[in-house]
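Trainee: Just passing along the structure, written as C-alpha cells.
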Amino acid sequence: MSSSGVPAPRPQQPPASQAPKPQAPPQPPEVWKAFAEKLKDLNPVYEPAKGYLDFVVRPDQLVEAAKRLKEMGFDHVISVGAVDYPAKKQIKVMYHVTSYLNEELPKYVIALSTYVNRDDPRVPSLTSVWPSAEFQEREEYEMFGIIFEGHSDLRPLLLTPVVAALRPLRKDFVVPEESDDIEVDSEAFNATKWW
Amino acid sequence: MSSQTGVQGSEVPRLPGMVVRPVERRVYEVQIGPAHPGSGHMRIFVEVDGDVMTRVDPDIGFVHRTMEKLAEGRDWIKNIPLFERMAILDACNITLPYVEAVERLLDLDPPERAKYLRVLLCEINRIASHLYGFGIFGIFLGHSTLYMWAFGDREVFVQLAEDLTGARLTHSYPVFGGVRRDIPDDFPQNARKATRYMRGRLDEYAKIFLNNPNIRSRLEGVGVLSKNRAAELGVVGPNARASGIKYDVRLVEPYEAYDRLDFEIPIFEEGDALARAWQRVEEIKQSLNIIEQVVDWLEKHPREGFMHDKFWKTAPKLYRDVYEGKIDYAGKYRVKLMPLFATLKVPAGKASARVEAGRGEIFYYVESDGKDVPYRVRVVSPSFRNVIAFKYVMPGHRLMDLPAIYGSFDYFPPEWDR
Amino acid sequence: MAQASQAKEEGRAYIGNLDVAAQLAKEHLIKGTIAKVIDWATAFSLWPVHLMTSCCGCEIGAAWGPRFDNERYGSLPWVGPRQTNLIIIEGTVTKKMACTVRLTWEQMPYPKFVIAMGACALDGGIFYNSYNIVRPWQVVPVDVYIPGCPPRPEAVARSIIELQKMIRSRGLASKWVIEGVRKDLKYVLPKEDLCGWRGEKVEL
C-alpha cells in the first residue's frame, strides 16, 4: 500500500474534563534574590520582565525601599513611568533606577514599582531620596492624575492646564479618530488669502 | 547737599530739583520666549536680581506631540517612524531601543551583519548630531562661522546616510529582526573619504572655536557641574562624561556589535561648558574610528543575510532574486519591507532597553498584551533628563551666560517634549 | 493740440496741462513701474523670523546652511518680528505654540507672508490623531504649503521661489502699499481661544 492512503492515527487527546493545572509562580533569577536580601522585611514581589529587575512593594513602603536601594549604590532615576490597568482598577507606578558612581552596579536596571488605586492615586514622592525624579514626577502627575505627596513643585510640565485636566494617558481618554474623507471647505480655505 | 538713602542703605547725593525714591523691586522676571534666537522651542522664566539669575524655571511642552499616547493605537512597525521624529537627526539611535525591546519580547537575535550595519548608522548619526549641536551652540554665542562650518560638514555625513538608507534624516533603518537594506558597492570608499576629511576639519574647529580667546572667556568656568551633583541630578551623555562620570551604555551594557569593536570613552574632569564642548569633539574622533573598523569588517565578510530568518522566510521569491543580484533593476541588495510586519503580533510581556544616543542614554519600556498594537510604551529621552540642569546649574550666573550654558548642554527640545 | 499750435504762434513753448500730466504719471508710475519695483524689492528680501516650531527646523537650518544656500534669494533669518516679513511654520503646531505663532505673526508689519512646511502643517502629518495639535491654517493665514516629512532643503528653496513668483505676478506687496488690502482673518480661530490658557488655573 502506498503511504498516502491511510492517515496515521492521531495521538490520544486527554479528556476535556480534566481541570487545567494551576500555573506555577515565575521563579526570580539569582541576581534578583541577591538584591532582595536587602529588602527582605518589605516583602518585594517578583514580576517577570526582560531587561530589568522588577521589585513590587506597597505604596507606604516605597520611601524605605528607595532609601535602601540608594545605600546599595543606586543613585539616580532613569524613568518614572506609570501604566494604567483599567480592568484591575489599578495604576502601576515604576521607578527605574541605576547607578553612576558604583563600579559593578551600572549594568543592572532596577525597577521599584507599586500599585495604587485608580480612583484616588496617591504615592509618596521620592524626590527626597533621588532629586533626579523631580521633573518626571510632574509629568506623570499631569498625564495620569497621580498625586505625589511631598513633591515641592507639583504642577503641569508639558501640557496646558486645560488639556492636563483630561488626564490624557489614561485608557479611558480616547481621542476621536479623524476620518479620511474630511470635506474641505474650499471657500474658507480660499478666503484665507488676503490678496 | 542732603542725601537720602537709596537701595539697601546706599548713600545717594541729592541735587536741587532731583527726586530720589528707593527702588521697591529688585528682582525682575524675564521671559525668554519661544520666538527668540537664543531659546529654541521653549520658554525660560528667569528671575534676575540686577544681572544675576536667581531662579530659572523652564517652561517646556511647546513641541509635545503626544507620542506615548499615539503609540498605543498604531501597529508595532508603524511606531518606528513615529518615535524617530523625536530627534530626527539621530534617528537610528532613537528608535534602536524600541526595536531591541520588541526583539527581546519576540526572542529574536538579529544576524551578525545586521548588527554591524546598525552600529554603522548609529555612529554616522552620532557625528551628525554632535555637529548640529555645535552649529546651534555657535549661533547662541554669535559665532555664525561655526554654524556654517558645522552644517556644511554635517552634510557629508547626511549624504553618507542617504546613500545607505535612502533618506536624509528619517532613516527608519533598524527594524525587528535586522535592518532594511545592505550597503551599496561604493559605500566603503566614500566612508573612508569622509572620515579622512573630518579628522582634518576637527583641528580647524579647535582653532576657530575652542581655542578662540573670545569663546574661551565665555565658556571657561561657566556652568560647572561637579561629579556628585551630576550623579544626583541624573544628567546623561556627554554632559555627565564631561563632569567625570565614566558611564556609557556602550561600555556598561554593550548592545549590537560594540563589544567587538575597539574604542575609548573620553572623560573630562572640569565639568564646565568648555569641557562639554571638548567632550563632543573627542567623541566625534572616536566615532570616526568606529566607522572605519565597521566598514573594514563589512567589506571583508560576504553579504549574508541582514534580516532574521523568521521574517526572511515570508518574503516572496522576487525579493530573494533582487537580493542575490539576479534581477538587474533598482540597484542591488535592496529589498522592501517584509510583509509579516503588517500583521505582527508580539507575545505578551514587559521589556526595556537602553542605548547611548548622541545626547545621552535613551530608555524605552515596552509592554505588550499579545495584540498587534502596544499596550504601553514609555520613553525617556536624554534631553528630558538634562532639563533638570536648567533649574539647578543656572542660578548664580549672569544673564549673558544663559545661552552659553544652554548650548553646552546640547539643546534639542523636540526630544525632551516627545 | 490746438493749444500747442497757438503757443507756437505766440513764440512760447507748450509743455502741457500739468494736472492731466500728473494724473497720467500717477497711473502709469505707481500702478506700473513703482508697483513692480515694490514687488521686486519685497520678493528679494523675504526675511524669516527665528521661530522654530518643530522638527522640520533641522531642514531649515540646513536650507540656510552652506550647501543649499537660501541667502542667495535675499532671505536672511532675522531675530526680531518687527523687522521681518515671513514666518515659516516648520512642522507641527501644538496648542502651546499656536499662541506664540499667532502673537509673533501679529507683531510683524504688513505685507507679511506665511509658508507652512511639512506634512504636519498640511493636515497633522504623522501625528494626525493627537490631542495636542492644531492646524496652522487655523492659526495664521497661509500662503504656500510644502509637502514632505521633512521636505528636502531643495523643496524649501523652491517654495521661496514660488512665493517670489506669486508676489511679483500678482503684485501682493504693492497692493498693500497702494490700496491697503489686509489679510482676512475670518476663518482663523480667535486669539482668545488660542491663548486663553495662559491665565487659567484648573484643578486637576
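Trainee: Convert each backbone phi in segment B:235-241 into a coupling constant with the Karplus relation 6.51 cos²θ - 1.76 cosθ + 1.60 (shift: θ = phi - 60°), then list the ³J(HN,Hα) values in order as whole Hz, x for Gly and Pro.
Mentor: Karplus-based 3J(HN,Hα) across segment B:235-241 equals 6, 10, x, x, 5, 6, 6 Hz.
Trainee: Next question, about the same structure. Collect residues whose amide H, placed 1.01 Å from N in the peptide plane, falls under 5 Å from the amide H of B:ALA357; neighbours closer than 5 in sequence don't count.
Mentor: Under 5 Å from the amide H of B:ALA357: B:ILE362.
Trainee: Sort C:MET117, B:MET53 by Cβ crowding within 10 Å, fewest neighbours at the top.
Mentor: On the way: C:MET117 29, B:MET53 21.
So the ranking, lowest neighbour count to highest, is B:MET53, C:MET117.
Trainee: Which of the residue pairs A:LYS38/B:LYS115; B:LYS115/B:LYS317; A:LYS50/B:LYS317; A:LYS33/A:LYS107; A:LYS38/A:LYS89 have a Cα-Cα distance greater than 27 Å in the structure shown?
Mentor: Correct reply: A:LYS38/B:LYS115; A:LYS50/B:LYS317; A:LYS38/A:LYS89.
Trainee: So for segment A:126-171, averaging the separation of alpha carbon pairs under 8 Å that are six or more residues apart and normalising by length, what relative contact order in percent results?
Mentor: Answer for segment A:126-171 is 38 percent.
Trainee: Please work out the Cα center distance from segment B:274-316 to segment B:206-223, rounded to the nearest Å.
Mentor: Comparing the Cα centres of segment B:274-316 and segment B:206-223, I get a distance of 33 Å.
Trainee: Moving on. Which value at 222 nm does chain C reach when only helices count, each DSSP H run of 4 or more adding -39,500 (n - 2.57), with the total divided by all residues and rounded to the nearest 500 deg cm²/dmol?
Mentor: After summing the helix terms and dividing by residue count, I get -11000 deg cm²/dmol.
Trainee: List the aspartates and glutamates whose alpha-carbon lies under 15 Å from that of B:LYS345, not counting same-chain residues fewer than 8 positions away?
Mentor: B:GLU72, B:ASP75, B:GLU103, B:ASP107, B:GLU367, B:ASP369, B:ASP372
Trainee: Moving on. From the backbone phi of segment B:144-160, what are the Karplus-calculated ³J(HN,Hα) couplings (6.51 cos²θ - 1.76 cosθ + 1.60, θ = phi - 60°) in whole Hz, Gly and Pro given as x?
Mentor: 6, 4, 5, 4, 5, 5, 5, 6, x, 6, 5, 4, 4, 7, 5, 5, 4
Trainee: Please give every one of the lysines within straight-line cross-link reach of C:LYS36, meaning a C-alpha to C-alpha distance under 27 Å, and leave out same-chain neighbours fewer than 8 residues apart.
Mentor: Hits, sequence-local ones excluded: A:LYS193, C:LYS26, C:LYS112, C:LYS165, C:LYS175, C:LYS183.
Trainee: Order by neighbour count: B:TYR98, A:TYR46, fewest other Cβ atoms within 10 Å first, most last.
Mentor: Ranked by crowding around the Cβ, least crowded first: A:TYR46, B:TYR98.
Trainee: Also, I was wondering about something else. Compute the relative contact order of chain B as a whole-number percentage, counting only Cα pairs closer than 8 Å that sit 6 or more residues apart in sequence.
Mentor: It comes to 24 percent, rounded to a whole number.
Trainee: Applying the Karplus parametrisation 6.51 cos²θ - 1.76 cosθ + 1.60 with θ = phi - 60° to the phi angles of segment C:161-174, what ³J(HN,Hα) value in whole Hz is obtained for each residue in order, glycine and proline being reported as x?
Mentor: The phi angles translate into 5, 4, 5, 4, 5, 4, 5, 6, 7, 9, x, 5, 6, 6 Hz.
Trainee: Ok, one more. Please state the relative contact order of segment C:47-179 as a whole percent: Cα pairs under 8 Å, 6+ residues apart?
Mentor: About 26 percent, as a whole number.
Trainee: Turning to a different aspect of this structure: Which of the aspartates and glutamates could a cross-linker span from C:LYS31 if the Cα-Cα distance has to be under 16 Å and same-chain partners fewer than 8 positions apart are dropped?
Mentor: Those aspartates and glutamates meeting the cut-off are C:ASP39, C:GLU179.
Trainee: A further question follows. How far, in degrees from 0 to 90, does helix B:273-300 lean away from the longest principal axis of the Cα atoms of chain B, to the nearest 10?
Mentor: 10
Trainee: If a cysteine in chain C has no other Cys Cβ under 4.7 Å from its own Cβ, put it on the list, ordered by number.
Mentor: Result for chain C is C:CYS55, C:CYS56, C:CYS58, C:CYS120, C:CYS149, no neighbouring Cys Cβ within the cutoff.
Trainee: Rank these for me by crowding, C:SER159, B:SER408, C:SER75, going from fewest to most other beta carbons within 10 Å.
Mentor: Listed from fewest to most nearby Cβ atoms, that is C:SER159, C:SER75, B:SER408.
Trainee: If you don't mind, there's one more thing I want to ask. So if I average 1/r over every pair of distinct C-alpha atoms in chain C and take the inverse, what Kirkwood radius in Å does that give?
Mentor: Every distinct Cα pair counted, the radius reaches 19.5 Å.
Trainee: Another one. In 10 Å bins starting at 0, how do the alpha-carbon pair distances of the protein assembly as shown split up by percent?
Mentor: All Cα pairs, binned at 10 Å, distribute as 2, 12, 20, 23, 19, 11, 6, 3, 2, 1, 1, 0, 0, 0 percent.
Trainee: Mind giving me the nanometre distance, one decimal, between the label points for C:ARG82 and C:SER5, set 7 Å out from Cα along Cα→Cβ?
Mentor: Output for this residue pair reads 6.3 nm.
Trainee: Still on this structure, please answer the following. Looking at the protein assembly as shown, what % of its DSSP beta bridges pair antiparallel, to the nearest 5?
Mentor: The antiparallel proportion sits near 75 percent.
Trainee: Let me ask something else about it. Using modelled backbone amide H atoms (1.01 Å from N, in-plane), which distant-in-sequence or interchain residues come within less than 5 Å of B:ARG55's amide H?
Mentor: The answer is B:GLU47.
Trainee: With a ≥ b ≥ c taken as the square roots of the eigenvalues of the C-alpha gyration tensor of segment B:32-417, please select rounded if a/c is under 1.5 and otherwise prolate if a/b is larger than b/c or oblate if it is not?
Mentor: Verdict is prolate for segment B:32-417.
Trainee: Treating the beta-carbon of each Lys and Arg as +1 and of each Asp and Glu as -1, no other charges, what is the dipole magnitude of the protein assembly as shown about its Cα centre, to the nearest 20 debye?
Mentor: Values: 105 positive and 107 negative charges, 161 e Å.
Result for the protein assembly as shown is approximately 780 debye, rounded to the nearest 20.
Trainee: Given a cut-off of 24 Å, what percent of all Cα-Cα pairs of segment C:10-113 lie beyond it?
Mentor: 45
Trainee: Show the residues, 5+ positions off or on another chain, whose built amide H is closer than 5 Å to the amide H of A:PHE74.
Mentor: none
All of the numbers you see were taken from the coordinates with simple rules; none came from a lab. As the structure is a prediction and not an experimental result, all values here were calculated from the model. Note: ideal-geometry Cβ built from the backbone for every residue, glycine included; neighbour counts use all protein chains shown.
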